[in-house]
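K.L.:
The following block contains the structure, expressed as structure tokens.
Every number here is computed from the coordinates shown, using simple stated rules; none is lab data. Model, not experiment: these values are computed from the prediction. Counting neighbours? That spans all protein chains shown, and the Cβs are built from the backbone with ideal geometry, glycine included.
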Amino acid sequence: MPIQEKCRILEHQKVGPHHYKLTLVSQYISSHAQPGQFVNVKCSESFDPLLRRPISFHRINTQHRTFELLYEVVGRGSELLTKYFVGEELDILGPLGTGFNIDPEKRIHILVGGGMGIAPLLALGEQIQNSKVKSQNALYVLIGANNKEHIFGEEEFRKVTDQVQVATDDGSYGKKGFVSDLLLNFIETELRTHNSELATIYACGPRPMLKAVAEIAQQKKIDCQISMEERMACGIGACKGCATKTAGGYRTVCKHGPVLDAKEIIWN
Amino acid sequence: MPIQEKCRILEHQKVGPHHYKLTLVSQYISSHAQPGQFVNVKCSESFDPLLRRPISFHRINTQHRTFELLYEVVGRGSELLTKYFVGEELDILGPLGTGFNIDPEKRIHILVGGGMGIAPLLALGEQIQNSKVKSQNALYVLIGANNKEHIFGEEEFRKVTDQVQVATDDGSYGKKGFVSDLLLNFIETELRTHNSELATIYACGPRPMLKAVAEIAQQKKIDCQISMEERMACGIGACKGCATKTAGGYRTVCKHGPVLDAKEIIWN
Amino acid sequence: MELAGIKMKNPVMVASGTFGFGKDFADYIDLNKLGAIVTKSVTLKPREGNPPPRIVETPSGMLNSIGLQNKGIEHFLKKQLPFLAKFDTPTIVNIAGESVEDYAELARILSQETTVKGIEVNISCPNVKKGGMSFGCDAGLTKQVIAAVRKATTQPIIAKLTPNVADITLPAKAAAEGGADALSLINTIVGMSIDIETGGSRLGSLTGGLSGPAIRPIAVRLVYEAARAVKIPVIGIGGIMSGSDAVEFFHAGAKAVQVGTANFVDTSAAINVIKEIEEYVHRHPRAFNFS
Amino acid sequence: MELAGIKMKNPVMVASGTFGFGKDFADYIDLNKLGAIVTKSVTLKPREGNPPPRIVETPSGMLNSIGLQNKGIEHFLKKQLPFLAKFDTPTIVNIAGESVEDYAELARILSQETTVKGIEVNISCPNVKKGGMSFGCDAGLTKQVIAAVRKATTQPIIAKLTPNVADITLPAKAAAEGGADALSLINTIVGMSIDIETGGSRLGSLTGGLSGPAIRPIAVRLVYEAARAVKIPVIGIGGIMSGSDAVEFFHAGAKAVQVGTANFVDTSAAINVIKEIEEYVHRHPRAFNFS
Ligand SMILES: Cc1cc2nc3c(=O)[nH]c(=O)nc-3n(C[C@H](O)[C@H](O)[C@H](O)COP(=O)(O)OP(=O)(O)OC[C@H]3O[C@@H](n4cnc5c(N)ncnc54)[C@H](O)[C@@H]3O)c2cc1C
Ligand SMILES: Cc1cc2nc3c(=O)[nH]c(=O)nc-3n(C[C@H](O)[C@H](O)[C@H](O)COP(=O)(O)OP(=O)(O)OC[C@H]3O[C@@H](n4cnc5c(N)ncnc54)[C@H](O)[C@@H]3O)c2cc1C
Ligand SMILES: Cc1cc2nc3c(=O)[nH]c(=O)nc-3n(C[C@H](O)[C@H](O)[C@H](O)COP(=O)(O)O)c2cc1C
Ligand SMILES: Cc1cc2nc3c(=O)[nH]c(=O)nc-3n(C[C@H](O)[C@H](O)[C@H](O)COP(=O)(O)O)c2cc1C
Ligand code: FES
Ligand code: FES
């Protein structure tokens, strides 16, 4: 059950050209959050901007009763967020939505993140590695971005697995190309020796990338869970504002999602 | 001629329960400002609140190229102003309006301030004392407020004159009563020995106080200049939004005022 | 207090479409504290709603083009009403149709339901092609729809008016003549937002309905005008974010208010409005007569 | 570019009533850079305007009830026009009347003035008791006023429309039929704000006109509708704060824009809008055809 709570800011750091990491304190939210879920953040006291902003759990630290958000400044809401200081409180609604589903039958976990899309994947990667069946799991992380400056979380991912591959569109770091190219290559080389039925792809990133990933997954018959984005108003399933088209009709990204089965999603 | 300029914040201090002093840097504005004039301050980057907020020059320091504002938090604009830090810039329009007119023929200057109304009077007091005819001038300052906590500037006024009287509505400091009572008493006692034609009253404060002061001045036939307030949009005379009724018809508080001859003002 | 024959603990309801069917908000607030719950619009048959995006934020407001997505009256009665019936807060069902007969039929179906305490007739939805606002823009049709609903039910009827008219007093009077027990206004104002990179609408539909604090001055004016045109009570809606905003509507002549978009900004918005009104009434005991 | 026969350097004008008669802004910006200057409304006789307060801020907007304070056409011609005539920027005179004959008379007087490049006919002021918006709300009267002005002058005529109508295409078409060379919209939307301590209006008048970013989505929609209803060019107005806002109106079908309330927030608002449009056009060379 989600709550609305004022959460104290424990840390707030600039981690990239327009990127910030925010650590918030909440016993309740940190102990209930699941990777892939998100919070809806009030970014200002003013009516402009009016609505909350959805941000995924980047890291969930039950022990310290904290959770981390990784966000990029893309507009006024995120810009205003940068003005909050350590010690101040943010009005948070969460944990919201349906997160990733870690199927205990699966053994091969492939995390595919584009740009800020890596944000929810770190929490997921950490959870997979903290699970009891850790030793039986293989965790692969594929991350992509426009350029080197926009690659985040590589270091943290390397702490949970040594199977991390990086691509940049401009080749300034890692392989040159899209993260979906990394995925295809990975499936056709390393995964060939494995049973692909034991694998799941978890993807988050810009829509074109997600579409490419979903197509590869379908073609290669690999389960695929995708974290979607849609403009939101309430964030709690009440307004039907965040509808996205699925095989079963319109579904709310905020409640039914944000993580959806790739097979369900209707891309256009 | 006024300008629109981003002025750096040199100091920003809390000086009372909801009161702040802001020191801004501007060669141009500080060297053109006159006591009684004001600046129109942009308090946020958001559209809510939308309009600038008018604030009087509290102190003008040509030498240091700075000016000071003294403001009270009464709503969202002033609240947002408190969030600006030393080193940041504020978007300022000024110097605006018509300030106090220090008639060189006058010898007795009576400054009457109620609450935040003392804000423009300090700049005026300092100018009167800095003028060449200083030795021939007598400067009296009468300040009033609800209670002790809301008396500001006494110390600074005492640096320019030892003739400072204070009243509070609740008697928690100085005389118990209104500042208009102080004024009446002052006129009927100390001023009796002087030629009242040589005197001018300069008043700023809440409307009921100003009305009382204007009535006393008229009754005692003493010149009186009053700094008025009205809701403003442009602050530069273009919109006619800040009209106040005068004997000559509606006049703009932002351009024709804020300082008006008490005789001109139609109070209701 | 009582409004249009509906007994309420306080004059604060939640507005249709901004509170779902209550369940989503029950995690956050005590639904028993609300004056009334107005459901999302229910239609005869399920409606899948409009293509996304359905939400655009605008200065101090938002545009929505939900398009009355809902699972239809049958599903409502079976799956959603029982939940609402558990609370000691009247349920007002908001109905929307594509024809006069739709509205009458919906009212007829609901007239059997004792847990339904009132019907709000949405003749003002700007986000559907057929019906919706076109009824509310025409005083003749307004009267016709309300009269048809009146014939179909003895339950209290609230006519929800659209602001997209030149003179609100005409539909207001028409609704009263048709037999409405109260009016509620305003529904959203038709607006549009264009993506400057594509040149097309930022919504999946061409236009959407504007709500939120941006529209409050318009809503207060329309409530003021409507309240003076009719004898039945008027419910004020539009950009209410706080108790003082609600009080503004009371001064304008509203007997009750609905909180809409504010629910998205703060799940406790309606509860806070209730508290703040109480404080106001405490400070100004003679300001209003809520009864 | 040319709009309705008026030659302009760019499609950005300043809106009537938000820029005085130019002088107040000449301290801050180079008036030569503007597409055109639309004057504050001028009436036949001096008008003292409405009682204060005349301004209330609202969420992302403001209400005004200036009430057309101005010193009349004679004073304008003698004292204000000569200043404007010094600039290489067309002056468009906005006129307001209480009767059809007032408008015709104003147009006749102005028709002699070669430094006047166009007339904007304000049939949409919500802040006066007589005339004003009542003309713009009625398609028949709209046509009558514009036709009378048309007869009185050969200068380009811009009909300034009110948003306070149910269907903007009716006055839009009526103005075109009456002989307008262009339409401008929107004027302010009637709104109200109540002081909860006194229970009365926060303005000296009961109602005021709402402007600013809050109304932009409504303005864009109305411009979109009007632009599709007539063949003459439409000038978009309403909450334009930046170049992108202006571009939104161009995509909606406007051929030019006016910057209003933004001038109060930033004296360089119109200049910035011009710059930002240039940058947009540079990035999207084929987006619009300004000619
Ligand atoms: C479930 C979910 C989880 C998210 N997690 C993260 C995260 O962990 N880190 C992060 O940086 N961002 C995340 N986002 C995206 C984030 O919500 C938007 O970047 C943010 O709302 C933009 O707000 P703004 O005011 O800064 O920008 P705006 O000024 O509102 O818009 C800037 C641009 O972002 C687009 N945009 C705005 N809101 C959304 C939205 N809700 N969905 C998609 N696009 C939008 C606009 O169309 C515009 O192009 C998430 C979004 C969703 C829906
Ligand atoms: C020429 C002039 C000089 C001023 N000098 C000072 C000064 O030196 N120090 C200072 O603290 N204040 C000064 N003020 C008052 C100051 O402008 C207002 O307190 C401020 O605008 C309030 O903004 P806000 O957003 O905080 O409050 P809001 O939320 O806008 O309003 C809070 C309350 O203040 C009232 N108010 C808002 N704006 C004005 C206004 N322009 N005039 C009168 N009442 C208003 C509102 O009606 C409301 O009751 C001056 C005003 C004028 C016109
Ligand atoms: C997302 C959303 C959905 C809405 N859906 C409905 C609806 O289904 N039926 C209806 O009568 N009004 C609907 N409305 C209108 C609201 O009930 C209300 O009249 C309007 O939003 C103005 O109030 P506000 O500014 O407080 O939101 C909806 C509003 C929003 C924002
Ligand atoms: C203070 C003020 C005064 C105005 N006076 C006039 C006027 O005299 N004549 C007129 O046609 N429009 C007048 N308007 C309307 C504006 O020209 C413009 O149509 C409206 O404000 C919407 O644009 P905006 O949101 O950019 O301000 C006035 C607007 C404001 C805010
Ligand atoms: S944002 Fe309201 S239902 Fe998803
Ligand atoms: S505030 Fe615009 S004229 Fe004074």
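K.L.:
Where in the stretch A:103-182 are there trypsin sites (Lys or Arg not before Pro) that are in a DSSP coil and have at most 10 other Cβ atoms within 10 angstrom of their Cβ? The partial results should precede the final answer.
P.N.:
Details: sites: A:K106, A:R107, A:K132, A:K134, A:K148, A:R158, A:K159, A:K175, A:K176; in loops: A:K106, A:R107, A:K132.
Qualifying residues, ordered by number: A:K132.
K.L.:
Sticking with this one: Run the helix sum for chain C: -39,500 (n - 2.57) per DSSP H stretch of 4+ residues, divided by residue count, reported at 222 nm to the nearest 500 deg cm²/dmol.
P.N.:
-9000 deg cm²/dmol
K.L.:
How far is D:S99 from itself in the other copies, in nm, if each label sits 7 Å out from Cα along the Cα-Cβ line, shortest first?
P.N.:
Spacings between copies for this position, smallest first, are 5.2 nm.
K.L.:
Follow-up. Using θ = phi - 60° and the Karplus curve 6.51 cos²θ - 1.76 cosθ + 1.60, what whole-Hz ³J(HN,Hα) does each residue of the stretch A:255-263 get, with Gly and Pro shown as x?
P.N.:
In residue order, the calculated couplings are 10, 5, x, x, 8, 10, 5, 3, 5 Hz.
K.L.:
Gaussian network model of chain A, Cα springs within a sub-10 Å range: biggest mean-square fluctuation belongs to which of A:E89, A:E155, A:E126?
P.N.:
Among A:E89, A:E155, A:E126, the largest GNM mean-square fluctuation belongs to A:E155.
K.L.:
For chain C, divide the Cα radius of gyration by the Kirkwood radius and give the resulting Rg/Rh value with two decimals.
P.N.:
0.94
K.L.:
Copy-to-copy spacing for C:P82, label 7 Å out on the Cα-to-C-beta vector, in nm, shortest first?
P.N.:
8.6
K.L.:
In the protein assembly as shown, what percentage of the DSSP-assigned beta bridges are antiparallel, given to the nearest 5?
P.N.:
50 percent
K.L.:
Put a point 7 Å out from Cα along the line to Cβ at A:H64; what are the distances to that point in the other copies, in nm, shortest first?
P.N.:
Ordered by distance, the counterparts are at 4.2 nm.
K.L.:
Now a separate question. Mind checking which of B:N40, B:T62, B:H19 is farthest towards the positive end of the stretch B:3-96's charge dipole, using Cβ charges of +1 (Lys, Arg) and -1 (Asp, Glu) about the Cα centre?
P.N.:
B:T62
K.L.:
Follow-up question, since we're still on this one. What are the ³J(HN,Hα) couplings of the stretch A:57-74, residue after residue, when phi is run through the Karplus curve with 6.51, -1.76, 1.60 and θ = phi - 60°? Round to Hz, x for glycine and proline.
P.N.:
5, 8, 8, 10, 10, 4, 4, 8, 6, 10, 9, 10, 10, 10, 9, 10, 7, 10
K.L.:
Considering only DSSP states other than H, G, I, E and B, which trypsin sites (Lys or Arg not before Pro) in the stretch D:90-138 qualify as loop sites with at most 16 other Cβ atoms within 10 Å?
P.N.:
When the trypsin sites (Lys or Arg not before Pro) of the stretch D:90-138 are filtered for loop state and at most 16 Cβ neighbours within 10 Å, D:K129, D:K130 remain.
K.L.:
What distance in nm lies between label points placed 7 Å from Cα along the C-beta direction at C:D27 and B:L10?
P.N.:
The modelled label-to-label distance comes out at 5.4 nm.
K.L.:
Using 1/(1 + (r/R0)^6) with R0 = 56 angstrom and r between the beta carbons of D:T115 and A:E45, what's the FRET efficiency to the nearest 0.05?
P.N.:
On the way: r = 49 Å, r/R0 = 0.87.
It comes to 0.70.
K.L.:
List the trypsin sites (Lys or Arg not before Pro) in the stretch C:155-256 that DSSP assigns to loop (not H, G, I, E or B) and whose Cβ has at most 10 other Cβ atoms within 10 Å. Which are they?
P.N.:
C:K231
K.L.:
Let me ask something additional. If you take the beta carbon distance between D:D88 and D:L206 as r and set R0 to 30 Å, what does 1/(1 + (r/R0)^6) give as a FRET efficiency, to the nearest 0.05?
P.N.:
For R0 = 30 Å, the calculated efficiency reads 0.10.
K.L.:
Looking at chain A as a GNM with Cα springs under 10 Å, which of A:P258, A:P208, A:P54 has the largest mean-square fluctuation?
P.N.:
Among A:P258, A:P208, A:P54, the largest GNM mean-square fluctuation belongs to A:P208.
K.L.:
On to the next question. In straight Cα distance, which aspartates and glutamates are under 15 Å from C:K255, not counting same-chain residues fewer than 8 positions off?
P.N.:
C:E2, C:D181, C:E225, C:D245, C:E278
K.L.:
Further question on the same structure: What number comes out for the charge environment of A:G87, summing +1 per Lys or Arg and -1 per Asp or Glu over other residues with Cβ under 11 Å away?
P.N.:
-2
K.L.:
About its Cα centre, how strong a charge dipole does the stretch A:3-96 have in debye, to the nearest 20, once Lys and Arg get +1 and Asp and Glu get -1 at the Cβ?
P.N.:
That gives a dipole near 140 debye.
K.L.:
May I have the extent of the alpha carbons of the stretch B:108-264 along their three principal axes, as whole Å values ordered from largest to smallest?
P.N.:
Principal extents (largest minus smallest coordinate, Cα): 43, 34, 30 Å.
K.L.:
In peptide D:263-271, how many Cβ atoms from other protein chains are near each Cβ within 10 Å, on average?
P.N.:
Details: counts 5, 13, 9, 5, 9, 1, 0, 0, 0.
Mean number of neighbouring Cβ atoms from other chains: 5.
K.L.:
Amide H of D:L3: which non-local residues (sequence gap of 5 or more, or other chain) have their own amide H closer than 5 Å, using H built in the peptide plane?
P.N.:
D:M8
K.L.:
A further question on this structure: Please compare each pair in D:K23/D:K117; B:K220/B:K245; B:K221/D:K45; D:K9/D:K78; B:K245/D:K40; D:K79/D:K129 to a cut-off of 29 Å on the Cα-Cα distance and tell me which ones are over it.
P.N.:
B:K221/D:K45
K.L.:
Follow-up question, since we're still on this one. Determine the dipole magnitude for chain D: charges of +1 sit on the beta-carbon of Lys and Arg, -1 on that of Asp and Glu, nothing else is charged, the reference point is the Cα centre, and the result goes in debye to the nearest 20.
P.N.:
Here chain D has a charge dipole of around 540 debye.
K.L.:
Another question about this same structure. Through the Karplus equation 6.51 cos²θ - 1.76 cosθ + 1.60, θ set to phi - 60°, convert the phi angles of the stretch A:12-25 into ³J(HN,Hα) values in whole Hz; use x for Gly and Pro.
P.N.:
Each residue's phi maps through the Karplus curve to give 8, 10, 7, 10, x, x, 9, 10, 9, 10, 10, 10, 10, 9 Hz.
K.L.:
Build a GNM of chain A with springs between Cα atoms under 10 Å: which of A:V74, A:V86, A:V213 gets the top mean-square fluctuation?
P.N.:
So, out of A:V74, A:V86, A:V213, the one fluctuating most is A:V74.
K.L.:
Using the structure shown, list the pairs from A:K21/C:K275; A:K176/A:K211; A:K240/B:K42; B:K175/B:K211 with a Cα-Cα distance above 27 Å, or answer none.
P.N.:
In this structure, A:K21/C:K275; A:K240/B:K42 lie more than 27 Å apart at Cα.
K.L.:
Moving to a separate point now. Across chain B, where is the longest run that never hits chymotrypsin sites (Phe, Trp or Tyr not before Pro) in a DSSP loop with at most 13 other C-beta atoms within 10 Å? Provide the component values of the computation, followed by the final result.
P.N.:
On the way: sites that count: B:F85, B:W267.
With chymotrypsin sites (Phe, Trp or Tyr not before Pro) excluded where exposed in loops, chain B gives B:86-266 as its longest stretch.
K.L.:
Determine, from the Cβ-Cβ distance of B:K159 and A:F85 and an R0 of 35 Å, the FRET efficiency 1/(1 + (r/R0)^6), rounded to the nearest 0.05.
P.N.:
0.45
K.L.:
Rounded to the nearest 5, what % of DSSP beta bridges with both residues in chain C are antiparallel?
P.N.:
Among the beta bridges of chain C, antiparallel pairing accounts for roughly 35 percent.
K.L.:
Then there is this: Rounded to the nearest 20 debye, what is the charge dipole size of the protein assembly as shown about its Cα centre when +1 sits on each Lys and Arg Cβ and -1 on each Asp and Glu Cβ? Numbers along the way, then the final one.
P.N.:
Working: 122 positive and 114 negative charges, 297 e Å.
With Lys and Arg at +1 and Asp and Glu at -1, about 1420 debye.
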